[in-house]
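*Asks:* Right, I'll just put the structure down here and ask away after.
Please treat every number below as a calculation from the coordinates, not as lab data. Note that the structure is predicted; figures quoted are calculated from it, not measured. Please note: Cβ atoms are built from the backbone with ideal geometry, for glycine as well, and neighbour counts cover all protein chains shown.
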Amino acid sequence: MGQMASEATAEYRELLRNYIKTKDEKYLYRAEQVSKKFIKDQILPEEIVNLHNQSLEEIFEDIPQEYKDSMSFLLETMISYGLAHQEFQTLRDEQLALKSEISVAASMQENLLATITPKADGLDIGVISVPAHQMNGDYHHFIKGEDGSLGIAVADVVGKGVPAALCMSMIKYAVDSFPETMMSPESILTNLNRVVERNVDPSMFITMIYAHYIPKENKFHYASAGHEPGLYYNAKEDTFTELETKGIVLGVAPEARYKQYELELEKDDMLILFTDGVTECRQGDRFLEIEEVLDVIRLYKHLPAQENVNQVFKHFERLQNFQLRDDFTLIIFRKEV
């Protein structure tokens, strides 16, 4: 046990002898200090039981056999306990180390995937993206063109944690590397599909919707890769319509092509993009109907877009007792003029 451990065991024997003779509680206090030395020196529980047993045999000449048998029983029990305790401590240390690594990775992900909500002529934009856990499996990214156009990517990685974060980072920098002449949604998704197919593990796939707003046309062009279809809100008719979207998820078919659609907005119309954490909110064990989600968005339609998405999130956060089941990303574009 080493010199320090030997000194502690000798001290333990002496304290036990004095306590048995005097019943003085000061020896109990000093025994607590010795136990701290045992912990520091990593002395196992069964070693302490064995030490106690040997010390008693030195103090008393005649110990009943039944007592010796009971100590043997306790010693065997402590051997199993010690092994289980060591295993638990090892797992606990590994868990703490993993939590620390995930915390660092989450911070890195936040920095790597940071995107600023830009200004766009004639558009009021609201964005909220909240992870259910430390690492966000959702991704959104704005790209402002020199001609005043605006690109927006919304994606969801099927797979969580650090691998998803790395995948998101790869997608962001791939999108940023495309020249402005390739910013059409069909081009973006076609090129990203090849990147994902070559570089991402087959067990993890990505859905994405990409929209491109061109102010001079007053239109959004968009395409989808297996993502949740966005919604169009017609202010004059006070109706929501699901966007027409077709397209296979990224990385499944290397030669996949993506059809491009367009949407023209009038004053107070809205384009709403989101991930499945919005449409799959649950109240207890019940999944909410899409109409319930739309009713909440409609309730706050008079507010600026950012206040709208904030209020919608707070509504569903309360509904789920402040425990998100999935990452929640909601983006609203409202036509101002």
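*Asks:* Using the Cβ atoms and a cut-off under 12 Å, what net charge is assigned to the surroundings of Met71, where Lys and Arg are +1 and Asp and Glu are -1?
*Replies:* Result for the local shell: -4.
*Asks:* Considering the options Tyr19, Thr9, Pro45, tell which one lies farthest towards the positive end of the dipole of segment 4-53, charges being +1 on Lys and Arg and -1 on Asp and Glu at the Cβ, about the Cα centre.
*Replies:* It is Tyr19.
*Asks:* For the chain, take the longest principal axis of its alpha carbons; what is the angle in degrees between that and the long axis of helix 45-59, to the nearest 10 within 0 to 90?
*Replies:* 10 degrees
*Asks:* Using a simple charge model, +1 on the beta-carbon of Lys and Arg, -1 on the beta-carbon of Asp and Glu, nothing else, what dipole does segment 115-335 show about its Cα centre, in debye to the nearest 20?
*Replies:* It comes to approximately 380 debye.
*Asks:* If you don't mind, another one. Return one number: the angle in degrees, 0 to 90 and rounded to the nearest 10, between the long axis of the Cα atoms of helix 185-199 and the longest principal axis of the Cα atoms of the chain.
*Replies:* With rounding to tens, the tilt is 30 degrees.
*Asks:* Right, another one. Which log10 I(q)/I(0) values, to two decimals, does the chain give at q = 0.06, 0.10, 0.13 Å⁻¹ under the Debye formula with one point per Cα?
*Replies:* -0.41, -0.66, -0.95
*Asks:* Once both axes come from the Cα atoms, what is the angle between helix 26-40 and the longest principal axis of the chain, in degrees from 0 to 90, rounded to 10?
*Replies:* So the helix axis and the longest Cα principal axis differ by about 50 degrees.
*Asks:* Under 5 Å between amide H atoms, partner at least 5 residues away or on a different chain: which partners does Thr245 have, H built in plane at 1.01 Å?
*Replies:* none
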